[in-house]
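Here the structure is laid out as structure tokens; the discussion comes afterwards.
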Amino acid sequence: MKPQTFLTILIFIIILPTQAQIITDGTLGPTSNLTGPHFEIKANLGQQQGSNLFHSFQDFNLNSWESATFSGPNHIQNVISRVTGGEPSFINGRLQSQIGNANMYFLNPAGIMFGPSATLDVPGSFHASTADYLRFSDGGRFDATYPEQTLLTVAPPSAFGFLSDFPASIYSQAFSLSLPTIGKIFSLSFIITVWAISITNTAMYYSFAQQNEHIYVRHTTGIIGKL
């Protein structure tokens, strides 16, 4: 096991009992320490560009009795979130979206852990990654490691970008997934350990790109993978 892999898993174990926090970082909207246990993440906390809705958080964690619900206009096609605070996200509650058929992207370069009580309920596809940034088809960039390099755009996401040879891990103890639309995608890039995941009406892809900077998103074929 690589030392960084062990360190990441150790960090996840340490943060298990931590009080949940969802705090916006103020780069795209107001800085706000949201009130739980049922966190409401509305469109005015982020920034809209065409059919893309961007959110930026300093911290994003959920305990088993908590939920985070994204809401916004029905024309939104992609809800794209990043965590910039440098700490891993521990998601052990309900993560859901009430926005039309929107896809959801969740980036945290510091790592992501889905706990045993985590549930996911989104109407579109769901992508979680420890990528440093998300690239768009017109060259736009949504950067979680260097937010000042962000260039928001109306174009669809096209690739996850990695700057490190040893990205942080995505670690799952077990969680349930509900993607009600048949043919939608659930994808995780840079998974180290997955114990158990249940999936409903969806295709599932694990993606690794140890030799490449980008993992490409193919919406036309419903594939996320390394090119």
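The values are calculated or read from the model by the stated rules, or taken from the named source; none is laboratory data. Values in this document were obtained by computation on a predicted structure and should not be read as measured data. Heads up, the Cβs are rebuilt from the backbone with ideal geometry, glycines too, and the neighbour counts pull from every protein chain shown.
Side notes on the structure shown:
- Scanning the stretch 136-158 for residues that are surrounded by fewer than 21 Cβ atoms within 10 Å (Cβ to Cβ), in contact with a strand residue (DSSP E or B) (Cβ under 8 Å, 6 or more places away or on another chain) and not in a loop (DSSP other than H, G, I, E, B) yields 141, 147, 149, 151, 158.
- Qualifying residue in the stretch 5-20 (condition: farther than 19 Å from residue 153 by Cα and at pLDDT 95 or above): no
- Where strands (runs of 3 or more DSSP E) fall entirely within the stretch 80-122, those with at least 2 residues that are over 16 Å from residue 55 (Cβ atoms) and either among the polar types (S, T, N, Q) or touching a residue at least 40 places away in the same chain (Cβ under 8 Å) (or both) are at 112-114, 118-121.
- Residue count for the stretch 94-117, restricted to those that are closer than 22 Å to residue 36 by Cα, of a type in the set (Gly, Ala, Ser) and under 14 Å from the mean Cα position of the chain (by Cα): 1
- Residue match in the stretch 63-75 (condition: part of a loop (DSSP other than H, G, I, E, B) and in contact with a Phe, Trp or Tyr (Cβ under 8 Å, 6 or more places away or on another chain)): yes
One line per residue, one yes/no per condition, for (1) surrounded by fewer than 16 Cβ atoms within 10 Å (Cβ to Cβ); (2) touching a strand residue (DSSP E or B) at 6+ places or on another chain (Cβ under 6 Å); (3) not hydroxyl-bearing (Ser, Thr, Tyr):
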| position | (1), (2), (3) |
| --- | --- |
| 30 | yes, no, yes |
| 38 | yes, yes, yes |
| 48 | no, no, yes |
| 51 | yes, no, no |
| 54 | no, yes, yes |
| 60 | no, yes, yes |
| 73 | yes, no, yes |
